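The values are calculated or read from the model by the stated rules, or taken from the named source; none is laboratory data. The shown structure was predicted, so the numbers you read here are calculated from the model rather than taken from an experiment. No Cβ is skipped: glycine too gets one built from the backbone with ideal geometry, and neighbour counts run over all protein chains shown.
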Amino acid sequence: MKIALFTMGTRGDVQPYIYLARSLNKRGHNTLIGSHPCWRKLVEDASIEFVPIGPDINIENEAATIRGKNSNAVLSMLKTMNFVFKIIQNSTAEIYEACKGKDLIIVSHSQMGATEAEVLGIPTVNVTLQTEMIAEKLKKQSVWNRILAKIIGAQMVKPYNKIRKVYGLPRMKSSDEIISGKLDLIPISQYVKERNPYWESKHILTGYWYEEDSDYVPQSELVDFLEKGEKPIILALGAMSFESDSEKEKLDMFISAFRKTGKRAIIQGFQKTLENYVLPKDMIACGSVPHSWLFRQGYAVIHHCGFGTASAAMIYGIPSIPVPHVLDQMGFAKQLEELEVSTKSLPASELSEERIIEAISMLDQNYDVIWENVQHLSIKLQNENGLDKAVELIER
């Protein structure tokens, strides 16, 4: 089949589709990924055809700017969603062209490509990362809940109805109408998220999508650093480390906390600040290093709890200190806590040197239990073969 996959957002929103596209290509399908122009190299380096959608911006910087201006998690999420929706709305002609001639369109949580596929008569498959977005269609709803669902649904579909108007399609009343009637793939493990009995049968937990970066060769400086002492804490805040106004202050807090707790550290991100920053000898900066290699070298990882990083911490068996910023990250942090593979989360809005030290101390006190839990979970997750299951479901 000729398949187009569309996604918008930070690297964590793009990476799962790269894994899926590569698996589909191995099965003889012909795929392309449509996303922000800034992800061209990432996608093409994975030997996948790429189609740029929307303006040539650094989406991680843009998202960080929005977060920096909105400390409230709900408002931050809504502002980010509105920013992305405007890009999708203004890019419908590009999306339409990329859909032409395809046999299947794979749609992310942004529903990018769903309307264009409908116009062209092409079937769709959805991918859902945030299960809170899935309607409990099989659950008997109270009158009040039905009324509330209609009100919320009417607001949710506004951006999509603007696109539908361009093509003369009827307005939708609920976001349920835009989700694939065929299949919704959820790249999450049954060992992490229990399937909701009130979901329709099309919503399927496949297990996580990931690849081993077996060809990766680490820089000699990084290898030397690892060989010279105890396993380090890995600081991997993703796009959270791009908030330029507070970047140095945030990095200073972590560096000081690491020194006071006697921890060695590997710093990912903070590129702008690290250009003129002298790290202590027991700390090292690294650029883009595959989680499949890096996380196996660490004592623990401090991360923003985005979907990709939270998943990788469990898959590769490393204890976590979650520092969530927005709502979906808070949800993933809660999952880690409930599975007892992390410390209690430290919300980004409460970040301070004292709180970081407290979190590291809590980790040290409970390390053996947390480490054992995440090791057992890692084995289960790696035995699931989520990508194989996803491809089989698509091919049915």
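Does Lys140 satisfy the condition of being farther than 22 Å from Asp328 by Cα and out of contact with any strand residue (DSSP E or B) (no Cβ under 6 Å at 6 or more places or on another chain)? Against the criterion (farther than 22 Å from Asp328 by Cα and out of contact with any strand residue (DSSP E or B) (no Cβ under 6 Å at 6 or more places or on another chain)), Lys140 qualifies. Residues that are in contact (Cβ under 8 Å) with a residue 24 or more places away in the chain, surrounded by 12 or more Cβ atoms within 10 Å (Cβ to Cβ) and not aliphatic (A, V, I, L, M) number at least 3 in the following helices (runs of 4 or more DSSP H) confined to the range 127-237: 158-166. In the range 305-323, which residue that is in contact with a Gly (Cβ under 8 Å, 6 or more places away or on another chain) and not β-branched (Val, Ile, Thr) is surrounded by the most Cβ atoms within 10 Å (Cβ to Cβ)? Restricting to residues being in contact with a Gly (Cβ under 8 Å, 6 or more places away or on another chain) and not β-branched (Val, Ile, Thr), the top hit is Gly306.
For the range 164-189, the tally of residues that are closer than 21 Å to Glu395 by Cβ and at pLDDT 95 or above stands at 6.
Here the condition is being out of contact with any Gly (no Cβ under 7 Å at 6 or more places or on another chain), at pLDDT 90 or above, under 22 Å from Gln375 (Cβ atoms) and in a strand (DSSP E or B); of Ile284, Ile302, Ile267, it holds for Ile302 alone. All of (1) of a type in the set (D, E, K, R); (2) surrounded by fewer than 13 Cβ atoms within 10 Å (Cβ to Cβ); (3) more than 16 Å from His325 (Cα to Cα); (4) within 23 Å of the chain's Cα centre (by Cα) hold for Glu350 with one exception: (3). Of the residues making up the range 25-40, those that are surrounded by fewer than 17 Cβ atoms within 10 Å (Cβ to Cβ) and either in a loop (DSSP other than H, G, I, E, B) or modelled with pLDDT under 95 (or both) are Arg27, Gly28, Pro37. For the range 117-126, taking the residues that are outside any loop (DSSP other than H, G, I, E, B) and touching a residue at least 40 places away in the same chain (Cβ under 8 Å), the one that is nearest to Val391 (Cα to Cα) is identified as Val125.
Candidates Ser378, Ser311, Ser345, Ser292: the one that is among the hydroxyl-bearing types (Ser, Thr, Tyr), out of contact with any Phe, Trp or Tyr (no Cβ under 7 Å at 6 or more places or on another chain) and touching a residue at least 12 places away in the same chain (Cβ under 8 Å) is Ser345. Kindly check whether there is at least one residue in the range 360-367 that is outside any helix (DSSP H, G or I) and loosely packed, with under 14 Cβ neighbours inside 10 Å. Looking for residues that are outside any helix (DSSP H, G or I) and loosely packed, with under 14 Cβ neighbours inside 10 Å, one finds none in the range 360-367, hence no.
Among the residues of the range 90-113, those that are part of a helix (DSSP H, G or I), of a type outside the set (A, V, I, L, M) and without any contact (Cβ under 8 Å) to a residue 40 or more places away in the chain comprise Asn90, Tyr96, Glu97. Apart from one condition, Val289 fits all of (1) within 16 Å of the chain's Cα centre (by Cα); (2) among the β-branched types (Val, Ile, Thr); (3) modelled with pLDDT under 95; the exception is (1).
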